[in-house]
Every structure is written in C-alpha cells, then in structure tokens.
Amino acid sequence: MKRYPFLFLFFLAFSGIAQEFSADLQLKPRFEFRNGFKTLLTEEQDPAAFVSQRSRLGMSYRDEDLQLRFSVQNIRVWGDVPTMTTADKNGLAVFEAYADYNVSPSLSVRLGRQVLSYDNQRILGEVDWAQQAQSHDAALISWSAEGDQRLDIGVALNAGAEDIVQVPYVVNNYKNMQFAWYHFGVNNVSFSLLMMNTGYEYETALQKRDTDYLQTFGAFHRFTSGNFYGDVSAYGQTGKRNDRKVLAWYGGLNLNYRFSESWNTGLGAEYLSGTDRNDLSGENNSFTPLFGTNHAFNGFMDYFYVGNHQNTVGLTDIYGRITWTRSQFDLSFMPHVFYAAADMGSGKDKYLGTEIDIAGSYKVRNDLAVSFGYSQMFGSESLEILKGGDSGEIQNWAWVMVNFNPGLFSFSK
C-alpha cells in the first residue's frame, strides 16, 4: 500500500495528459466539557468530558478537463477502543469520491460522493463542525456564465444494497433527491434561488413501505453597502413527511456593520415555523432545515435542529454579535434569545431561554489553528417541557480544538 502513491506519480511523469496530483492530511482533535449540551441536565446527572478526533487523508487529481477527489477519514473518541486492539470502532469511511468532467468551459458534470454546500449553508451545507461532516452520493450538473451566474442541478438515488428485487430502504436517509440552485450576482449584491424535492421512505400503518415527497423552495440574498453588509433569506416547505401534510416556512435576516478592520457588530433574527403542541389537525407546520450546517445557527450548544427539535414548536431566535479580529486572532461574543414559534399549550410562555456564546481562534501558521469556546444556557420552564432536565441548574459547555491541515505534497507537469 505504501508504494501506491509513488506508482501514481510514476504514471504522471510518463503520461502526456496528467497535470497535477496532490495529497493533504487533516488531524482535528477536540476536547469538550458538556454540562447541559443539547439538553438540560438534572442535579443527579454529571457532566461529560471527552476528546474526539477526525483523521482525514485526501488525494486530488486535475488536468485541463478532469478533476478527481478521493478522501477517507476515521472518526474516533480517545479511548473508544483498548490500547491493544485488532480493530477500530468506526473503521475507515469514504468522505469524498467523485469525478468532475468539464464538458465545455461553461458546463461540467460531477459524479460520486461529494459535499453539497450553498449560500450560508442553512439548507445545504458541509456540517464541518461535526467530526464526520456531511457528503452525498449524487450526480451534479453545473453551468456557469459570465456575470457571476451559475446553475446547479443535482440528482440522488439511494439504495441499501445491489438488490435483485425491490426491498425496503431502511437507512436513516432520503431515498431520492432532486434540486436546482441558481445564483447570480451584480457588483456587491447576489441572489440565489433553490428548489429541492426529497423523497423519504417510511412504514405505513399497514406495515407497508411508501415514499413521501417534501418540497423545499426559497431565495437567499447577500448584500454589501459601504460598511454595512448582511443577508436575508426565506424558504417554504410543502408536500408530505411520514404520511403527514407539511406546510411550513422560514425567514432569516442578518445586518452587520464594520466599524474598523478589527471591530464588527451585527443583529439578526430567524423564524422557523412550528406546530402547536395541542394541534389535532394532523398537519405538520414545523420547518426542517434538512441538510444545513445547523451548528452555526441558533446557538452553539445545539439545543435546536442539530439532530433534535424536529417536528415540534419551531423557533424564533433573536441574536446579536460582536467580533474582534486582530492579525492571526479573532474573538466573538454572541447572545441568543429563544422563543417557541408555535403555541406551547396550557398557557405556557413561549420564552425558551437565553444562550451566551463566546468563541475565538488563533492561527499559528497556515496549516495549524487553535480554536476554543464557552457557552451557557439560561433555560426556562418552557424549555424544560421540551427537553426535560432542570433549568435551575447551571447548563454550560466548553471546548478547545486544534486543527492540523498540511498539504503533504503536490506534483505537476
């Protein structure tokens, strides 16, 4: 196995086609102290502390019309296997494995396992905070034109194995997906339009398998005017999910002001519609951000939409931001105030709590960075109803992460 990269380089050296081959490595250990992360703890529960690590190796090939990317990774928690072990708990997984061919200067086709990341990553994102991150098995056609225009059309069809006859798809994933994303920009203003259809297979009440289709559509707008910059977005969802009719929507607004090269401040708000707790209609009015990088929104403690809070009362998030940047160092302070978007029932207050996030990073060199953070949640009785636990207890979270990301080598001819 150790000789394979050298054989590939030998092939490049004597080929009249190849132009570039490179390899890169990422090691990303992260320590976390969780004392109320994602959910409220009770007095009887003790906080958790651990170190997780991503170890990723990537290889890239490129010539005039063809690009290939292949990367594998191991995700582990320090100590999840003994010091003398014959096998790893999570093993080695393929994160990227795609080929991208330029049919013409303006048209390309990409096939394989790939990251789908668009706009502010609210609906489709890489989810890079999660050690495993997120990638899709898909076919992607991309068209671009002068004037900052681009149209991407993606299609995915998933199955659990190379079956002879149709069998239930029981993987926790969509069965199929189709989307179109169009982007255009003029000067300091850009617009994007997204239309996406996702099919989810589920088991009916008669213990049969059926597929429901959920449509997500909307627009994203980013702008810059002098020292002001920000974005506004709106999305709707219709169709069905788990045999329930869906009618939901989302709205987000960010407005920031740059005081100087070092100081930035901003205000923002998000609204994700929800379903009343005492609703008996059977209709689902809860917006789901699907494949978004949700950790970057609604507080770093991940109380909402990070593997939780789906199909519930929704969320109104009002937040502020102060950021200081100096040379290789940056520090941010972000408070959030959370409310339920739908009725909590029984006269319960919609106020869910307030979260304070502090995060910073220091770039030691181009391929080495250290980042850290501290967050605290001041939950309410209404948050207890949704999450359980005890809002009267101290609920906080702290972390330190080191990101090594060197390029191992690059060969070109």
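The values are calculated or read from the model by the stated rules, or taken from the named source; none is laboratory data. Everything quoted here is computed from the prediction, not taken from an experiment. Ideal geometry is used to build each Cβ from the backbone, glycine not excepted, and the neighbour counts take in all protein chains shown. Side chains included, ligands, DNA and RNA excluded: accessible areas come from the protein's heavy atoms. Shrake-Rupley method; radii C 1.70, N 1.55, O 1.52, S 1.80 Å.
Determine which member of the set ASN308, ASN264 is out of contact with any Leu (no Cβ under 9 Å at 6 or more places or on another chain), farther than 25 Å from ASN172 by Cβ and open to solvent by less than 60 Å² (accessible area, probe 1.4 Å).
Going through ASN308, ASN264 in turn, just one is out of contact with any Leu (no Cβ under 9 Å at 6 or more places or on another chain), farther than 25 Å from ASN172 by Cβ and open to solvent by less than 60 Å² (accessible area, probe 1.4 Å): ASN264.
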Residue match in region 340-349 (condition: acidic (Asp, Glu), crowded, with 16+ Cβ neighbours inside 10 Å and more than 19 Å from GLY36 (Cβ to Cβ)): yes
Among the residues listed as PHE411, PHE338, PHE372, PHE378, the single one being part of a strand (DSSP E or B), among the aromatic types (Phe, Trp, Tyr) and at pLDDT below 95: PHE411
Answer residue from region 170-196, given it is outside any strand (DSSP E or B) and touching a Phe, Trp or Tyr at 6+ places or on another chain (Cβ under 9 Å) and is most open to solvent (accessible area, probe 1.4 Å) among those: ASN188
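In this structure, is THR316 under 23 Å from GLY388 (Cβ atoms), among the β-branched types (Val, Ile, Thr) and in a strand (DSSP E or B)?
yes
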Tally, over region 254-294, of residues that are in contact with a strand residue (DSSP E or B) (Cβ under 8 Å, 6 or more places away or on another chain), among the β-branched types (Val, Ile, Thr) and within 21 Å of TYR229 (Cβ to Cβ): 1
Odd one out for ASN396 among (1) within 22 Å of LEU331 (Cα to Cα); (2) buried (at least 16 other Cβ atoms within 10 Å of the Cβ); (3) touching an Asp or Glu at 6+ places or on another chain (Cβ under 9 Å); (4) not basic (Lys, Arg): (3)
Per-region count, region 274-299, residues open to solvent by 10 Å² or more (accessible area, probe 1.4 Å), assigned to a loop (DSSP other than H, G, I, E, B), small (Gly, Ala, Ser) and in contact (Cβ under 8 Å) with a residue 60 or more places away in the chain: 1
